[in-house]
Amino acid sequence: MRACIRLLMLALTGLWMACGSPSGTPQAGSELQGQAKISWKDTLANLGTIKEGDDVTYTFTFKNTGSADLQIRQAIPSCGCTIAAIPGEPIHPGQQGHIVVHFHSAGQAGEQTKQITIVSNAHPEKQFLYLKARIIQQ
């Protein structure tokens with residue numbers, strides 16, 4: 001009797017582990033619901049030579065080439081001199097969207113490269129945009 005109970009417990013444990021296996025049936029949120037995909041027009045904005053203290057705005061354009069709505073969750077600049085505005089609404093498959101980046105060059109000098117980390121529901125979850133400028137003193 002004890003052997004039957006152990007065998008039953010072992011079988012139930014194996015069944016429970018198999019149901020949670022990532023190689024099993026796709027769960028909600030996987031291929032069954034589609035996947036958003038960002039295709040960028042460009043990921044590097046070369047702002048050229050600007051004077052220290054100038055404010056420059058650049059608009060990055062992208063398209064959702066995936067099969068699910070794209071949600072831009074965050075835009076995280078690498079420094080406080082850069083601010084990025086993201087779309088507030090989902091970008092549907094086939095539609096374009098924009099991320100507007102403002103760069104304030106006060107206190108900056110020489111060659112500068114700033115990174116903006118974009119967090120979304122696309123794959124990969126984190127993607128990177130860059131601003132590049134040569135800043136000269138006034």
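Please determine whether any residue of the stretch 69-84 is in contact with a helix residue (DSSP H, G or I) (Cβ under 9 Å, 6 or more places away or on another chain), over 17 Å from ASN46 (Cβ atoms) and either touching a residue at least 12 places away in the same chain (Cβ under 8 Å) or loosely packed, with under 15 Cβ neighbours inside 10 Å (or both). Within the stretch 69-84, not a single residue is in contact with a helix residue (DSSP H, G or I) (Cβ under 9 Å, 6 or more places away or on another chain), over 17 Å from ASN46 (Cβ atoms) and either touching a residue at least 12 places away in the same chain (Cβ under 8 Å) or loosely packed, with under 15 Cβ neighbours inside 10 Å (or both). Considering (1) at pLDDT 95 or above; (2) surrounded by fewer than 17 Cβ atoms within 10 Å (Cβ to Cβ); (3) not in a strand (DSSP E or B), the lone condition that GLN138 does not fulfil carries the number (1). When GLY53 is tested against (1) farther than 24 Å from LYS132 by Cβ; (2) among the small types (Gly, Ala, Ser); (3) touching a residue at least 60 places away in the same chain (Cβ under 8 Å), exactly one condition is not met: (1). Taken over the stretch 67-124, the criterion of being out of contact with any Leu (no Cβ under 9 Å at 6 or more places or on another chain) and β-branched (Val, Ile, Thr) is satisfied by ILE72, ILE76, ILE83, ILE86, VAL100, VAL119.
Restricting attention to the stretch 88-113, the residues being of a type outside the set (D, E, K, R) and under 19 Å from ALA45 (Cα atoms) number 16. In the stretch 56-68, the residue that is farthest from THR117 (Cα to Cα) out of those that are hydroxyl-bearing (Ser, Thr, Tyr) and touching a residue at least 40 places away in the same chain (Cβ under 8 Å) is THR57. Of all residues in the stretch 99-126, those satisfying the criterion of being touching a residue at least 24 places away in the same chain (Cβ under 8 Å), closer than 30 Å to GLY53 by Cβ and surrounded by 14 or more Cβ atoms within 10 Å (Cβ to Cβ) are ILE99, VAL100, VAL101, HIS102, PHE103, HIS104, SER105, GLN108, LYS114, ILE116, THR117, ILE118. Scanning the stretch 38-68 for residues that are out of contact with any strand residue (DSSP E or B) (no Cβ under 7 Å at 6 or more places or on another chain), surrounded by 15 or more Cβ atoms within 10 Å (Cβ to Cβ) and either farther than 19 Å from ASN121 by Cβ or not aliphatic (A, V, I, L, M) (or both) yields a count of 2. Filtered by the rule that a residue be closer than 11 Å to ILE38 by Cα and of a type in the set (Val, Ile, Thr), the stretch 52-92 gives THR61, THR65, ILE72, ILE91.
The values are calculated or read from the model by the stated rules, or taken from the named source; none is laboratory data. These numbers were taken from a predicted model, which means no experiment stands behind them. FYI the Cβ positions are ideal-geometry reconstructions off the backbone, even for glycines, and counts take in every protein chain you see.
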